[in-house]
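Heads up: the structure comes next, in structure tokens.
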Amino acid sequence: MKDTFTTAQLERLKALPYKPAHLVHLLSEKSDLSDPFTRYVLALEERRSLAYNDMMVTFDGDPTGIEFQHRTQDNRWAFTLPDASVQGSWRIQYFDWDSFVSHHCERTFLACIDSMAQEGFVVADPGALDRLSVTPRWKRGVEVSSLIQRLNAREITHERFSQLQAELGA
């Protein structure tokens, strides 16, 4: 990473209509560009903050339920939604071509969007889940996920899991 972070870049960050909390903190604490470490930290934060701002601007501050593809991996997506298990918290739900993969919760919606931007899920791809969820590959992936849940719950043995998975052609 280059060691130069310019005044123009700093002013651009300051002018963003949507800033992640971390950037707000940095801008209030670190704006002396004569300090090499400050330039380094701001340069690290710039890409994520620009992506966060773009996500929010594109959807008028509310990208809830909008799928975002990973910027470098075309087989991974994520979206935010209110979490059903903890009142007031928010969830980032991850999926790929095969099925839902994982999720994690944050205390706020904005923290979810910031986390998605930091992780690289910044390419808006509305409707991705609808497109993928009707494919045979997704159906098979969901069935395999169900088998994994049954195995983890000790409803079936590993031998039975392997047999059922083989029958699915997975």
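Computed values, structure above
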{"item": "Number of positions in segment 113-150 that are under 21 Å from residue 46 (Cβ atoms) and either surrounded by 18 or more Cβ atoms within 10 Å (Cβ to Cβ) or without any contact (Cβ under 8 Å) to a residue 12 or more places away in the chain (or both)", "result": "8"}
{"item": "Cβ pairs under 7 Å, 6+ apart, first in segment 16-33 and more than 19 Å from residue 56 (Cα to Cα), second of a type in the set (Ser, Thr, Tyr)", "result": "30/38; 32/38; 33/7"}
{"item": "Scope segment 121-144; condition touching an Asp or Glu at 6+ places or on another chain (Cβ under 7 Å) and in a helix (DSSP H, G or I); matching residues", "result": "128, 129, 137, 138, 141"}
{"item": "Residue check for residue 57: of a type in the set (Val, Ile, Thr) and in contact with a helix residue (DSSP H, G or I) (Cβ under 8 Å, 6 or more places away or on another chain)", "result": "no"}
{"item": "Any hit, segment 47-63, residues being more than 17 Å from the chain's Cα centre (by Cα), of a type in the set (D, E, K, R) and at pLDDT below 95", "result": "no"}
{"item": "Flag for residue 93 being under 15 Å from residue 117 (Cβ atoms) and among the polar types (S, T, N, Q)", "result": "no"}
{"item": "Flag if residue 147 is in contact with a Phe, Trp or Tyr (Cβ under 7 Å, 6 or more places away or on another chain) and part of a helix (DSSP H, G or I)", "result": "yes"}
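The values are calculated or read from the model by the stated rules, or taken from the named source; none is laboratory data. Source: prediction; values computed, not measured. All Cβ positions, glycine included, derive from the backbone under ideal geometry; neighbour counts span all protein chains shown.
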